[in-house]
1. Kirkwood hydrodynamic radius, computed over distinct alpha-carbon pairs, for the stretch 17-140: how many Å, to one decimal?
2. May I ask which of K119/K171; K125/K189; K119/K220; K171/K220 have a Cα-Cα span longer than 24 Å here?
3. Among the aspartates and glutamates, select those whose C-alpha is under 20 Å from the C-alpha of K105, and discard any that sit fewer than 8 residues away in the same chain.
4. By how many nm would the segment from D173 to T92 lengthen if fully extended, with 0.36 nm per residue of separation less the alpha-carbon distance?
5. What are the trypsin sites (Lys or Arg not before Pro) within the stretch 14-122 that DSSP puts in a loop, where the Cβ has at most 14 other Cβ atoms within 10 Å?
6. Mind pulling the per residue volume of the convex hull built on the Cα atoms of the chain? Å³ is fine.
7. Picking from A60, A100, A217, which is most flexible by a Gaussian network model of the chain using Cα springs under 10 Å?
8. With a Förster radius of 41 Å, plug the Cβ-Cβ distance of T139 and A25 into 1/(1 + (r/R0)^6) and report the FRET value to the nearest 0.05.
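What follows is calculated from the coordinates using simple rules that are stated; it is not laboratory data. Everything quoted here is computed from the prediction, not taken from an experiment. Backbone-built Cβ (ideal geometry, glycine too); neighbour counts: all protein chains shown.
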Amino acid sequence: MTLQGERNRFRGLDLDPKRLPDATAFAVILPQAIETWRQEGLHLVWLHVPLGHADLIPIAVAQGFEFHHSAPDYLMLTLSVTPEAYIPHFATHYIGAGGAVIDAKDNLLVVSERHRRDKSRPYWKLPGGALHPGEHLVTAVVREVWEETGIEAEFNHLAAFRHWHGYRFGKSDIYMVCRLNPTTRDIVKCDLEIEHCRWMPLDEFLHSPDVGDFNRAIVKAAAAEQHLVLHTLPGWSQPDRNESFFHPGCNFHRGT
């Protein structure tokens, strides 16, 4: 019996998680397989261990496999067969989106979170939150605004973003600021997350002592004339490609 898998173009091997043997057989087969992989000149082996085969993990670790990443139903391990093996990183960033919802009278939709550090006064910011796995930015920011405030809105443009390190679990964070146009007016806030929610004149927000410098700066960017808009790129954005493309609001043609 041998370990079944598929070779990739990087001289690696992706072991088939559906064809893994039981722990007893795995302990016998694995050392022999590793020697064969070395002789064949493989660089890297990927071992996807489903939750139901968790008893294989200590056996693999004892043979030199290392943890790469995990999900609720599996653990991924890698084995560097040669010193020059390159192991690509797993996800290194969180992606969040904030919605600058500004109406025709220059009123800005703002929230003060229930679980903020200083509860002696409101701290006004934009509604927003983290993107779900597989969720597009435009969908996410519209959803977050509606979930926190009950306001329905349409995406207008991408205004700014922040990139910083040292976030949750040692990962980095990218926060996308989007300008939205409201299509409803009545606020129905999420009591679990939001303590206060209101329409605030834009000028009041920009001069309020209860607004941080970062939030002031990103709202200024959202209110500015120059911005990035969502476009379809001819010959690139196909229906079966899960991608979004943002660029300055001008005509764009291939080859320019």
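1. 18.9 Å
2. Checking Cα-Cα distances, K119/K171; K119/K220; K171/K220 exceed 24 Å.
3. Candidates past the 8-residue exclusion: E152, E154, D186, D203, E204, E225.
4. The D173-T92 span can extend by a further 28.3 nm.
5. K105, R114, R116, R117, K119
6. 195 Å³
7. A60
8. 0.35
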